[in-house]
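The values are calculated or read from the model by the stated rules, or taken from the named source; none is laboratory data. Computed from a prediction, not measured in an experiment: that's the story for all the values here. Counting neighbours? That spans all protein chains shown, and the Cβs are built from the backbone with ideal geometry, glycine included.
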Amino acid sequence: MVELPIILMELANMLVFIIVVLALNLMAGYAGIPNLGMALFVYIGAFAVAGLSVRFAIILVNILNPDFIEMMRVTPPYKYAVGESSILDIILFKVTDPAVNRHLVPELNSIIGDSIPLSIMILTFILASAIALGATLGLIVSFTAVRLREDYLAIVLLAFSEMLVQVFFAQVDWVAGGRYNTWALTPWPQKLSQSLGNLLPSGVKPELFIGLIVAIILAITTLIYTERIANSPMGRVLRAMRDDDLALTSYGRDIAKIRLKVMMVGSSIAALAGVVYVLSVQPVVKATDYTRVTWTFIPWAMMILGGIANNWGVIIGAVIVYIGRKLIEILAPPAFTTILSLIGVEVTGATIDIVKAVTVNILVGVIIILVLYLKPEGIVPEKPSKTLPRKTLNSLIEKFRGSSS
Amino acid sequence: MVKINQVTDVILEVNKVSKYFGSLKALDDVTLALPRGKITLLIGPNGSGKTTLINVISGVLSIDSGSIIFEGRDITRLPPHDRYKLGIVRSYQIPRLFQGLSVLENTVVGKDGNPGEGMIYGLLKRIWYNYEKSSIEDALAKLLFLNLIHLHDRRPGELSGGQMKLLELSRSIMATKPKLILLDEPAAGVNPVLAKEIMSMIRNIRDELGITFLIVEHRLDIAIDYADYAIGMHLGRVIAQGKPKEVVEDPKVIESYLGG
């Protein structure tokens, strides 16, 4: 019997993937921007909750209590790592030092939790900075998007994402922890957590529950947004741009501008998904965990399976691939262990991790190849943008057809 | 012979325009003018530079030298979408249809200026609903005229070659305020009866709205009766211009078609 907290966490994780896939579908499915850099945008949201907001929080706390940083210089366990460092030095470099970070974040969390205004300020900062970072990166990327052909652009986005996440953020320790874990803030007021704690079944942490609620709200909002855009004149123009951008410029549309807007919106949504992931599923943030397989290729497989340029379709695709992936992660290791033990090979923990990763990679590849070969339109195919109610449209068509006969 | 340059009311001037593809001179020092509110036919054998000229006027290709003046304004450096906003609309010889869109949607996209085309405005239905409804009515009227209305919900991939040409045409006549429409072989692959209807529709549009047309067409038998002027091209150069009959009977034009 699987425990309730695990089910809730998996549910939250699945909702995060649904948000990411909806954002990807907006950019790639509708607008035809082959975003192979999704991992970067999700990671940047995670960075906003961890490395970035911790700095904002320490500045804020130090303003309210000017002795806070001074206290860090003299009290253990901070003083060994912080020493006589300047304030700027501490804010920029020391907060992500694992020796400081793992003590500092819980302390900041309890200070934030005690004050509702502080919680609201931190939460606002997290959301605003995730949107701003996502939009800025989307803007930078779209400058290349204007000039490059689709296939080149896909490679550029992949390289851009790998370079920043797996090289810059993963190797430069002071920015976001680099090789070490950094902890994310939990910006919820303690009163809320306590009163929820009394209501929730035992074992379910209030943070997880609140995170799940946030995930549900963001997933529904994203679905409403993308569906309304899809069924507006904008949705139609995006699909036209995907099909033939040159023809669309001949009909007066500035494609560079459209791409820029789509990239900014899509990237911001992906960054918010990163925020939700950290708040509900994984509070320990490490750049190397945000791999291209998990956050780029799996969302692509979900989108292709569900049906490109169909929001409901890609949600179905996300659910199927997510559950399939979980099943494989559960079933593959024992199966391999059994097979390998038959030929006398001993299986270690490290081998099991590799088996999990490899089988998931195979799953992604198989889905993409099979769907594109057998049913390229996916489970739920693309539909015309429903800008007018069906009845109105049909009566218009009938009116014109009637006048011809 | 009447030189088109002598016509006083000119909508578009092409001055000494050259365009190279590597060492190939696709347009060689081309100078011509299009009279406002007239239908000008652009003729010439394959490879004479007709489509390149359309691409250059619509901004799809940039030029290597020369200038293009539209209503007294130098548009040489303007991107295609800005030229469209000035009123220059074009169709493509090989239809460039939006494959994922229905026939009706393909036509509606031809109309610019929908207030709902934004990542935020798209959400506000009451802002764009009336515009959208009238665009769709407009598009249905075009589809009805071009005999495509029964195919309104099909994808372009399901159409015949001639129907694709008609759909391409339907998009270009959707433009909000066109002044100059460049049509690249609108009647190719279309049956003669419908081809004549298309040409007479073009003439009606010219008469009613005063729109200027530049039409590339090989079907001279059909097109010639509807044109006001004609320009003959060969090997990237303008070799004749004037009244359609005169241009068609020009020895240089005849020679070029015979492979001279």
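Among the residues making up segment A:360-394, a single one is assigned to a helix (DSSP H, G or I), within 11 Å of chain B (Cβ to nearest Cβ) and loosely packed, with under 12 Cβ neighbours inside 10 Å: A:394.
Considering only residues that are aliphatic (A, V, I, L, M), buried (at least 16 other Cβ atoms within 10 Å of the Cβ) and out of contact with any Phe, Trp or Tyr (no Cβ under 9 Å at 6 or more places or on another chain), look in segment B:201-219 and name the one that is nearest to residue B:188 (Cα to Cα). Only one residue fits best here, namely B:216. The set of residues from segment A:228-250 being out of contact with any Pro (no Cβ under 6 Å at 6 or more places or on another chain) and not aliphatic (A, V, I, L, M) comprises A:228, A:231, A:232, A:233, A:235, A:236, A:239, A:242, A:243, A:244, A:245. For residue A:3, the stated conditions do not hold, so it cannot be described as surrounded by fewer than 21 Cβ atoms within 10 Å (Cβ to Cβ), at pLDDT 90 or above and more than 30 Å from residue A:111 (Cβ to Cβ). Does segment A:307-314 include one or more residues that are of a type outside the set (Lys, Arg) and surrounded by fewer than 21 Cβ atoms within 10 Å (Cβ to Cβ)? The answer is yes; a qualifying residue exists. Counting only helices (runs of 4 or more DSSP H) that sit wholly inside segment A:149-251, not one has at least 2 residues that are touching a Cys at 6+ places or on another chain (Cβ under 6 Å). Number of residues in segment B:83-128 that are within 8 Å of chain A (Cβ to nearest Cβ), surrounded by fewer than 19 Cβ atoms within 10 Å (Cβ to Cβ) and not in a loop (DSSP other than H, G, I, E, B): the value is 4. Of all residues in segment A:19-53, which are farther than 20 Å from residue A:155 by Cα and buried (at least 24 other Cβ atoms within 10 Å of the Cβ)? Of everything in segment A:19-53, those that are farther than 20 Å from residue A:155 by Cα and buried (at least 24 other Cβ atoms within 10 Å of the Cβ) turn out to be A:19, A:22, A:45, A:46, A:47, A:48, A:49, A:50, A:53.
Looking only at residues of segment B:183-198 that are of a type outside the set (Gly, Ala, Ser) and closer than 23 Å to residue B:49 by Cβ, we find that the one that is surrounded by the fewest Cβ atoms within 10 Å (Cβ to Cβ) is B:185.
Reported count of residues in segment B:67-123, each being free of Cβ contacts under 8 Å to residues at least 60 places away in the same chain and within 19 Å of residue A:230 (Cβ to Cβ), is 17. Figure legend. Inter-residue proximity from segment A:138-152: first residues within 18 Å of residue A:41 (Cβ to Cβ) and in the same structural domain as residue A:33 (by TED's automatic domain parsing), second residues at pLDDT 85 or above and of a type in the set (D, E, K, R), beta-carbon distance below 7 Å, spacing 6+ or different chains. Indicated pairs: A:142/A:259; A:145/A:259. Filtering segment B:176-194 to residues that are part of a loop (DSSP other than H, G, I, E, B), at pLDDT 85 or above and under 15 Å from residue B:111 (Cβ atoms) leaves only B:178. When we screen B:114, B:55 for residues that are closer than 16 Å to residue A:249 by Cα, out of contact with any Gly (no Cβ under 7 Å at 6 or more places or on another chain) and not assigned by TED's automatic domain parsing to the domain that holds residue B:223, the only hit is B:114.
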